[in-house]
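Trainee: So that we are looking at the same thing, I have put the structure below in structure tokens.
The values are calculated or read from the model by the stated rules, or taken from the named source; none is laboratory data. Just so we're clear, the structure is a prediction, and the values are computed from it rather than from any experiment. Positions of Cβ are generated from backbone atoms using ideal geometry, with glycine treated the same way; all protein chains shown enter the neighbour counts.
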Amino acid sequence: MNNKQFQTFLRQISSLNYSQLKQLRHSSDTQISSNIVGQAISDREETISACPHCDSKKLNRWGMTKQGIQRFRCKSCNKTFNALSGTPLYRMRKPEKWLKYTQLMWQGVPLRKAASELDINLRTSFRWRHVFLKKPSKAGCNKLTGIIEADETFIPESFKGRKVIARKARKRGGGDTDKVPVFMALDRSGDITHKVLERDTKEELELALKPLLASSSVLCTDGNLSYKSIVKDLDIDHKRLIALDNQRVIYGIYHIQTLNNYMMRWKTWLNRFHGVGTAYLENYLSWFRFMEQHAAQVEQDWIKAAL
């Protein structure tokens, strides 16, 4: 229905009797509640209180976009914006397909299959995936408390998706692929953090781990001596689990098995993509973390996170 037809419809409402108005309201409420994307955007509209350009709180409502999203105009800088301005979803088209796309992300569907099911371009499928991952990738925890488990794992280096490969060509059967170190840490409350490292060195581990440690915590690691050096001057109780000494659990509670189990689940899930480009590895870490922390799989979670 175009805008002219809609205005004609609005004028006819005054001629409806009470029973018809109740039926119209019921039908409207049903349609609104089923439009999850529209509801999420509407909720976002109600939170707009300041201009994203100058932070002024003097705003006017300024019509609607073609998609029916509320526009605003700032009285101070005279600039206009809408509820999606400043979010990853800004200027992203085809909102009627966003929800289905996020459902496919819950299922871990590859890009080509998602593009085929939604009848969208492969590039669009790729762009949407990383749009929905933008906010989760920035949502890591700032501090870990209590019993903290930390360890590294290694993923084969991949230049998938790159036009230029920044290494010398390898000969078939010419040796092992270079490995990319990935640092992970979690506490028993469920907070998880991760970082893709350039090299597996004490300096890089220190930059990743030290800001996360809260005083009086207990840090559980494997026998890597780098961790011992990192916490040397901190108010941290360090438990080293040395596999060669068959010491995997101390006092029945200090171990890194929770983290190792998480790493194993992440790697198993990652296998479905048949290799992930190292440049995008951080996004795939965030993707899995987001699903683990939203195990109920609420359909609008991805939409709300992007907003």
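Trainee: Which one is farthest from L133 (Cα to Cα), of the residues in region 53-71 that are crowded, with 16+ Cβ neighbours inside 10 Å and under 26 Å from the mean Cα position of the chain (by Cα)?
Mentor: Among residues in region 53-71 that are crowded, with 16+ Cβ neighbours inside 10 Å and under 26 Å from the mean Cα position of the chain (by Cα), the one farthest from L133 (Cα to Cα) is Q70.
Trainee: When you scan region 254-268, how many residues do you find that are under 15 Å from R240 (Cβ atoms) and hydrophobic (A, V, I, L, M, F, W, C)?
Mentor: The total comes to 2.
Trainee: Filter region 72-92 down to the residues that are polar (S, T, N, Q) and more than 13 Å from K57 (Cβ to Cβ), then identify the one that is surrounded by the most Cβ atoms within 10 Å (Cβ to Cβ).
Mentor: Within region 72-92, the match that is surrounded by the most Cβ atoms within 10 Å (Cβ to Cβ) is N82.
Trainee: Being of a type in the set (S, T, Y) and surrounded by 17 or more Cβ atoms within 10 Å (Cβ to Cβ): is that true of T124 here?
Mentor: yes
Trainee: Taking the condition modelled with pLDDT of 90 or more, within 18 Å of V231 (Cα to Cα) and assigned by TED's automatic domain parsing to the domain that holds S215, does I147 pass?
Mentor: Judged against the criteria, I147 is a match.
Trainee: Taking the residues in region 150-192 that are hydrophobic (A, V, I, L, M, F, W, C) and at pLDDT below 75 as candidates, determine which candidate is nearest to S215 (Cα to Cα).
Mentor: Taking the candidates together, the pick is A166.
Trainee: Could you please let me know if L225 is surrounded by 13 or more Cβ atoms within 10 Å (Cβ to Cβ) and not assigned by TED's automatic domain parsing to the domain that holds V109?
Mentor: In short, no.
Trainee: Collect the residues in region 263-291 that are assigned to a helix (DSSP H, G or I), touching a Lys or Arg at 6+ places or on another chain (Cβ under 9 Å) and closer than 12 Å to P156 by Cβ, keeping them in residue-number order.
Mentor: Within region 263-291, just T278 meets the criteria.
Trainee: What about L207, is it in a helix (DSSP H, G or I), surrounded by 16 or more Cβ atoms within 10 Å (Cβ to Cβ), out of contact with any Ser or Thr (no Cβ under 6 Å at 6 or more places or on another chain) and modelled with pLDDT of 85 or more?
Mentor: no
Trainee: Restricting to region 233-265, and then to whatever is in contact with a Leu (Cβ under 9 Å, 6 or more places away or on another chain) and of a type in the set (F, W, Y), can you tell me which residue is farthest from S217 (Cα to Cα)?
Mentor: Result: Y262.
Trainee: May I ask you to list the residues in region 114-128 that are over 19 Å from Q67 (Cα atoms) and either in contact with a Leu (Cβ under 7 Å, 6 or more places away or on another chain) or not in a helix (DSSP H, G or I) (or both)?
Mentor: Within region 114-128, A114, A115, E117, D119, N121, L122, S125, F126 meet the criteria.
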